[in-house]
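The values are calculated or read from the model by the stated rules, or taken from the named source; none is laboratory data. Only a predicted model underlies this, so the values are computations on that prediction, with no experimental measurement involved. Here Cβ is always computed from backbone atoms with ideal geometry, including for glycine, and neighbour counts include all displayed protein chains. Quick note on the areas: whole protein, heavy atoms, side chains included, nothing else; ligands and nucleic acids left out. Shrake-Rupley method; radii C 1.70, N 1.55, O 1.52, S 1.80 Å.
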Amino acid sequence: MGAVRVTAIASLTPLAELDADPFLVDSRSQHEMCAHWARERGYVVTRELLVRGLRCDHGLLWDGVRPGADLFVAPSRRVLESALASVEEFTAECARRGVRVETVGRAEPSYDAAMKARVHRRLSMPTAGYDGR
């Protein structure tokens with residue numbers, strides 16, 4: 001049997017919400033948290049989704065997902081609540097399809113002004129080649 005394939009779910013939250021909720025805006029940190037979680041378990045992140053209010057029956061979620069071999073992971077329940085239209089319907093659909101759903105469960109980073117500025121630059125200047133590093 002091959003490695004467990006992981007689909008990392010991050011929330012697509014508008015840049016305008018950066019001051020109010022920087023972690024939900026910082027999709028890169030959300031995906032990095034999921035990737036770290038997967039590496040610790042010997043899993044492989046094969047897809048990164050960036051979504052907001054997605055319905056549980058949307059084909060994007062299920063494209064290529066193998067029951068019993070794949071899983072979904074998100075940094076936290078609140079990321080799932082932002083990314084999906086209904087966490088309850090999604091988890092029920094996962095159970096029906098035999099696919100696990102996990103959350104990382106680590107504390108979100110605390111954002112100071114400099115961190116928020118980096119997120120803002122990265123998200124507001126992607127076509128200028130700036131990647132935030």
Has segment 29-41 got any residue that is touching a helix residue (DSSP H, G or I) at 6+ places or on another chain (Cβ under 6 Å) and either of a type in the set (D, E, K, R) or farther than 26 Å from Lys116 by Cα (or both)? no
Hey, can you tell me all the residues within segment 81-110 that are in contact with a helix residue (DSSP H, G or I) (Cβ under 6 Å, 6 or more places away or on another chain), in contact (Cβ under 8 Å) with a residue 60 or more places away in the chain and either among the acidic types (Asp, Glu) or open to solvent by 40 Å² or more (accessible area, probe 1.4 Å) (or both)? Glu108
If you take the residues in segment 4-54 that are touching a Cys at 6+ places or on another chain (Cβ under 9 Å) and either without any contact (Cβ under 8 Å) to a residue 60 or more places away in the chain or of a type in the set (Lys, Arg) (or both), which one is most open to solvent (accessible area, probe 1.4 Å)? Glu48
So, in segment 27-62, how many residues would count as being in a loop (DSSP other than H, G, I, E, B) and closer than 30 Å to Ser124 by Cβ? 4
